[in-house]
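Each reported figure results from applying straightforward, stated rules to the coordinates on display, with no laboratory input. Being a predicted model, the structure only gives us computed values, none of them experimental. Glycine also receives a Cβ, built like all others from the backbone with ideal geometry; neighbour counts cover every protein chain displayed.
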Amino acid sequence: MSTAEIKANGEMISERTGWWRPDSAGKKALFVAAILALLLLLAGGAAAYVTYDYGQEYEGRIFPGTTVAGVDLSGMTQAEALAEVKDTIEPQLTREISLTWKKKTWNTTPQKLGARSNAKAAVAAAVDATASASFMDQARMKLLGEDMDFTESVAITNPRKGARELVASIAKEVNLEPVDAGIDYSTGWVEITEHSVGYAVQTDEIDKALTKTLKRGSGNANLALPVQTLQPDTTSDEFDQVLLTRIGENKLYLYNDGEITHEWTVATGLPEYPTPTGLWEVTEKRYMPTWVNPDPTGWGASMPASIPPGPGNPLGLRAINWSAPAIRFHGTDAIYSLGYNASHGCVRMANSDVIELYDMIDVGVPIVSVQAGANRPLYSAPATDDPTVVADSDSDSDSDPGSGSEGDGEKKGNG
């Protein structure tokens, strides 16, 4: 290495040449690069220290700027975060849903119907986001005061099974078949059993309404239970009039609106020709009926083939047919037989009585026939001389123009 002597202020100064000289451009650049590298190394070390310090500060906790279901989870542990999120969404799971019908109310909640949330998975995703934050993310958050900017919602699912099971259980409680009105004559007297309506829950309709309410997600709800009212086929109005024949006692009673309003003494069938018992109805009203001999080779052998309306007709002035084959109420001139078992099965009445009955009732009126005590058979020539059978008649005298009734249409009956 060379030196040069320079005189300055009377002294000699030595000038050396070497790597540090300013006129060495390559060495100058290398020097600058080294300085920059050192600075970067120092900066990296500082950043590493900063991020290490930030990680240590939030170790086991969620970084700031993390939100789940609208809840800020900054600085919380996973357990704390899950508890906080569950508390927040609990009102959505426990809100009250009421179904009402008349005075009955059924209360439930989405949770009782099987609603579930994915809160646990959402919080786990937030924890994973913190754990996976990069070196630069942490440095940015520490040095620049920025946040994670992580947001997650919580979904609530409502399985339809729970709603359907609730609707089915309510329907089982509410559904009721309608009950027809009826006639109870087990005591030998008439008692009308009232009709009642039935009910049917409209399950499809309420299931849809309940599902829609569950999806809405917030707030209590009150749903009106849709129930169809089922009407009975037979109502009590159809028994506003009932006829009761008591064989043995040999009385006929007319009930109006469940109460006896009229009674008549009648003759019923002999033991060998019993008046049928059970429940029947009036099928036809005959005005001035024609009698046709039902047994011309037997007990009616001595009688004509038919007897027109008028005096001597065994059916009297009126006949009221039962739904029981060949049986009817009819008039008779054999007044002495009333109160006894004296006919061939029909129910005889005084002509004035059968006319009164004829004018008070319509076709369709129920007839109850019961055995009420021991028979009182009357065996006499007049009793067996009264084969009261009504036959077809094309005669105008066979029907009452004002009654709306027509002829029998076939030979039937004896009395």
What is the extension gain from Ser134 to Ala374, computed as 0.36 nm multiplied by their sequence separation minus the C-alpha to C-alpha distance, in nm to one decimal? 75.4 nm
Need the full-extension length gain, His262 to Asp233, defined as separation in residues times 0.36 nm minus the C-alpha distance. One decimal, nm. 7.6 nm
Region 255-363: relative contact order from alpha carbon pairs under 8 Å, six or more residues apart, as a whole percent, is 34 percent
Considering only Thr245, Met288, Gly339, whose Cα is most displaced toward the positive end of the charge dipole of region 240-398, charges sitting on Cβ of Lys, Arg (+1) and Asp, Glu (-1)? Gly339
Once R0 is set to 22 Å, what does the formula 1/(1 + (r/R0)^6) return for the Cβ-Cβ distance between Thr77 and Glu57, expressed as a FRET efficiency to the nearest 0.05? 0.95
For the pair Leu176/Ser98, report the inter-label distance in nm, with labels modelled 7 Å from Cα in the Cβ direction. 2.2 nm
Give the percent of DSSP beta bridges with both residues in region 240-398 that are antiparallel, rounded to the nearest 5. 70 percent
Region 138-197-region 60-103 distance, computed between alpha-carbon centres (Å): 25 Å
Can you pull the one-decimal nm distance between simple spin-label points at Asn222 and Ser323, each 7 Å off the Cα toward Cβ? 4.8 nm
Which value, in debye to the nearest 20, describes the size of the charge dipole of region 240-398 about its Cα centre when Lys and Arg Cβ atoms bear +1, Asp and Glu Cβ atoms bear -1, and nothing else is charged? 460 debye
Once you place label points 7 Å from the Cα toward the Cβ at Met360 and Thr157, how far apart are they in nm? 7.4 nm
